[in-house]
Amino acid sequence: MQMSKTYRIALLPGDGTGPEVIREGVKVIDAVAKKNDFKLDFVNYDIGGARYLKTGEVLPESIVEEFKKFDSMYLGAIGHPDVKPGILEKGILLRLRFDLDQYINLRPVKLYPNVETPLKDKKPSDIDMVMVRENTEGLYTGAGGFLRKDTPYEVATQESINTRFGVERCVRYAFELTKKRAKNNKLTLCGKTNVLTYASDLWQRTFNDIAKEYAQIKGDYVNVDAACMWLVKNPEWFDVVVTDNLFGDIITDLAAMIQGGMGVAAGGNINPEGVSMFEPMGGSAPKYNGMNIINPIATINAGAMMLETLGESKAAKDVDNAVVKALESGKIKNMSAGKMGLSTTEVGDLIASYL
Ligand code: IPM
Ligand code: MN
C-alpha cells in the first residue's frame with residue numbers, strides 16, 4: 001500500500017477573528033484531506049499584533065527562514081486596534097510577500113448561488129473571473145523618500161518599480177492560468193498607458209511579446225479607471241485580469257464587493273516555485289472578536305485555493321462543491337457577520353457536512 005502524502009502547513013491564525021475563521025478552515029480542509037487520502041500537518045505560529053504588543057517583536061528573521069521549509073501557509077488575519085497602522089502591514093504581510101518572493105496575488109472573483117451582489121440583475125454566470133495582481137513590485141517596494149521633511153519645503157517621492165523580469169513572470173503566469181482555466185480564453189491587461197507612459201508601456205510591450213506564444217488566448221487591454229466602470233456595469237466581460245501591485249490592490253477590493261463582500265473573498269500570495277500563503281481578504285474585525293458570528297467562507301475558500309496550489313485539485317474541487325451546496329441549501333441567510341442566521345462554527349459544520 002502506498003503511504004498517504006503529508007503536507008506541512010504553517011498556520012498563522014493571527015489577530016481578532018482570525019483564529020475563529022482559521023478554526024473552521026482547518027476543520028473543512030482536514031476533513032477533505034481524510035476523504036482524499038492525504039494528510040495536513042499544521043504548525044501553529046502566533047504572529048500578529050497581540051504578539052507584537054507583548055514582545056515588541058513583529059516577525060523574527062528565524063521564523064521567516066522556518067516558513068521557507070513548509071509546503072504552504074494559511075493565514076487568518078493580521079491587524080490590531082492598538083498597533084499604529086503600517087507596522088504590521090509592512091512588518092508582516094508585505095515582508096512575507098517580499099522575503100518569500102510571493103510574486104503573484106491571486107484573487108478569484110466568483111459570485112456563488114444565494115449570495116447577494118450589489119449589482120442589479122447580475123447572476124453567478126456574470127461574475128466569474130480571476131484577478132492576477134503583481135505582488136512584489138510597483139509602488140509597494142518602498143522606493144522613494146523624503147527631502148526636507150517637516151519643513152514647508154518638504155518633498156515626498158514614491159516610485160513605482162517595474163522590472164522586465166518581474167512583469168514578465170507575472171504576465172506569463174496570467175497567460176498560463178487563462179489557458180488552464182479554459183473559460184473564455186481571454187486575458188485583460190489592466191494599466192494606465194495613457195498617462196504612465198513608462199511603467200504601463202513596459203507592461204504593454206511585455207504583454208504583447210508573451211501573447212505571441214499564446215495564439216489561442218485573446219489579449220485585451222483596459223485602463224484602470226475604465227476597469228472600475230466595467231467591473232460594475234459589465235463584469236461578464238472579464239475572464240482573467242492581470243495588473244500591477246497598486247491597481248490590483250484597488251480593483252480586487254472592488255471585485256470583492258461585487259462577489260458578495262469580505263465574507264466570501266479569498267486570496268493567495270503565491271510563489272509558484274516556493275512557499276505560498278492563503279488568506280481571507282477580510283481583516284481581523286476586532287469588534288466581532290470572540291462572538292462566533294464572523295463568516296468563515298472566505299477562509300474556507302482560501303483553504304481550497306491552498307489545496308489546489310499543493311496539487312490536490314480534486315480535494316479543492318470537493319471543498320468548492322461543498323461551499324456551493326451549503327449556500328444552495330439556503331441555510332446561510334446573509335454573508336455579513338452577525339447576519340448569517342448561523343454561527344461561525346455552524347457554517348463550518350454545514351460545509352464540512354457536504355464533503
Ligand atoms: C491586501 C491588503 C494589503 C495590501 C495591506 C494590508 C498591506 O490591502 O492584501 O490587499 O495593500 O496589499
Ligand atoms: Mn488591499
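Every test in (1) surrounded by fewer than 17 Cβ atoms within 10 Å (Cβ to Cβ); (2) in contact with a strand residue (DSSP E or B) (Cβ under 7 Å, 6 or more places away or on another chain); (3) touching a residue at least 12 places away in the same chain (Cβ under 8 Å) is passed by Glu168 save one, and that test is (2). In segment 267-309, of all residues being out of contact with any Asp or Glu (no Cβ under 7 Å at 6 or more places or on another chain) and polar (S, T, N, Q), the one that is nearest to Ser343 (Cα to Cα) corresponds to Asn295.
Only one of the numbered conditions (1) under 23 Å from Phe175 (Cβ atoms); (2) more than 21 Å from the chain's Cα centre (by Cα) is not met by Leu246, and that is (2). Is at least one residue of segment 201-211 modelled with pLDDT of 95 or more and either within 16 Å of ligand 2 (Cβ to nearest atom) or closer than 28 Å to Asn334 by Cβ (or both)? No: segment 201-211 contains no residue that is modelled with pLDDT of 95 or more and either within 16 Å of ligand 2 (Cβ to nearest atom) or closer than 28 Å to Asn334 by Cβ (or both). Residues that are in contact with a Lys or Arg (Cβ under 6 Å, 6 or more places away or on another chain) and within 11 Å of ligand 1 (Cβ to nearest atom) are absent from segment 79-99.
Among the candidates Val240, Val275, the residue that is among the β-branched types (Val, Ile, Thr), away from ligand 2 (no atom under 15 Å from the Cβ) and more than 21 Å from Leu88 (Cα to Cα) is uniquely Val240.
Just one residue in the set Lys149, Lys122, Lys179 is under 27 Å from Lys233 (Cβ atoms) and open to solvent by 40 Å² or more (accessible area, probe 1.4 Å); that residue is Lys122. The single condition from (1) of a type outside the set (Ser, Thr, Tyr); (2) farther than 26 Å from Lys287 by Cα; (3) touching a residue at least 24 places away in the same chain (Cβ under 8 Å) that Ile63 fails is (3). Scoring Met291 on the criteria (1) under 19 Å from Lys27 (Cβ atoms); (2) within 15 Å of ligand 1 (Cβ to nearest atom) leaves a single failure, condition (2).
The values are calculated or read from the model by the stated rules, or taken from the named source; none is laboratory data. The shown structure was predicted, so the numbers you read here are calculated from the model rather than taken from an experiment. We place every Cβ from the backbone using ideal geometry, glycine too, and count neighbours over all the protein chains shown. Accessible surface is based on the protein model in full, side chains and every heavy atom, while ligands, DNA and RNA are left aside. Shrake-Rupley method; radii C 1.70, N 1.55, O 1.52, S 1.80 Å.
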